[in-house]
Amino acid sequence: MPSYHRSIRKRQKTSPKFYLFDLGIKRALENALTIPLQPATYVYGNAFEHFIVCEAFRLNEYFRKDFSFSYLRSTESSEIDLIIDRPGKPTLLIEIKSKKQIYDEDVSVLKRFQTDWKGACEAQLWCTCDEMFKIHQVHVLPWKDALAKLFS
């Protein structure tokens, strides 16, 4: 997945992120199959993000939505996990969290990027919470609902 930048030249200078279609293969290549995926751990969070991004790619192909996917890492090491350019709609900035409880600090990066974004955008945090709610201008959604809404 390429890094986001409006300039193609600048986008080509940054490193892409790679997502394998199967999380089991990724974990096997990392020699991590024997490490249990325990919720609330770094390993679980990475696996959850990987799974969600792969699902978004898969659903985009299945429903032929023609969305473009990228990510953004700032010079301060802040990162937006997933940026989706949707034809005819505002750009979607997505943070992916593998936890149920979401607090103000969890949306701070999204809030900052949303404020500085040039053009129309929506900010969402996808997580394992049970219900949709809003913190500032960021929509917090259960990941299954978020994917269903995006690809409906």
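The values are calculated or read from the model by the stated rules, or taken from the named source; none is laboratory data. None of these values were measured; they are calculated from a predicted model. Every residue, glycine as well, gets a Cβ built from its backbone with ideal geometry; the counts of neighbours run over all protein chains shown.
Let me spell it out: the conditions are (1) closer than 25 Å to PHE18 by Cα; (2) assigned to a loop (DSSP other than H, G, I, E, B); (3) among the hydroxyl-bearing types (Ser, Thr, Tyr), and SER152 meets all of them except one. Which number is the exception?
The number of the failed condition is (1).
If a residue must be surrounded by fewer than 19 Cβ atoms within 10 Å (Cβ to Cβ), in contact with a helix residue (DSSP H, G or I) (Cβ under 7 Å, 6 or more places away or on another chain) and within 18 Å of PHE48 (Cα to Cα), how many such residues does region 104-132 contain?
Adding up the residues that qualify gives 1.
Could you give every pair whose Cβ atoms fall below 6 Å, whose first residue belongs to region 122-139 and is closer than 18 Å to LYS89 by Cβ and without any contact (Cβ under 8 Å) to a residue 24 or more places away in the chain, and whose second residue is surrounded by 13 or more Cβ atoms within 10 Å (Cβ to Cβ) and polar (S, T, N, Q), counting only separations of at least 6 or pairs across chains?
Cβ pairs passing all conditions: HIS139/GLN124.
Tell me, which residue of region 109-139 that is at pLDDT below 95 and polar (S, T, N, Q) is farthest from THR41 (Cα to Cα)?
Within region 109-139, the match that is farthest from THR41 (Cα to Cα) is THR115.
Can you confirm whether ILE135 is surrounded by fewer than 15 Cβ atoms within 10 Å (Cβ to Cβ), over 23 Å from PRO2 (Cα atoms) and β-branched (Val, Ile, Thr)? Before the answer, list the steps.
Values: surrounded by fewer than 15 Cβ atoms within 10 Å (Cβ to Cβ): no; over 23 Å from PRO2 (Cα atoms): yes; β-branched (Val, Ile, Thr): yes.
No.
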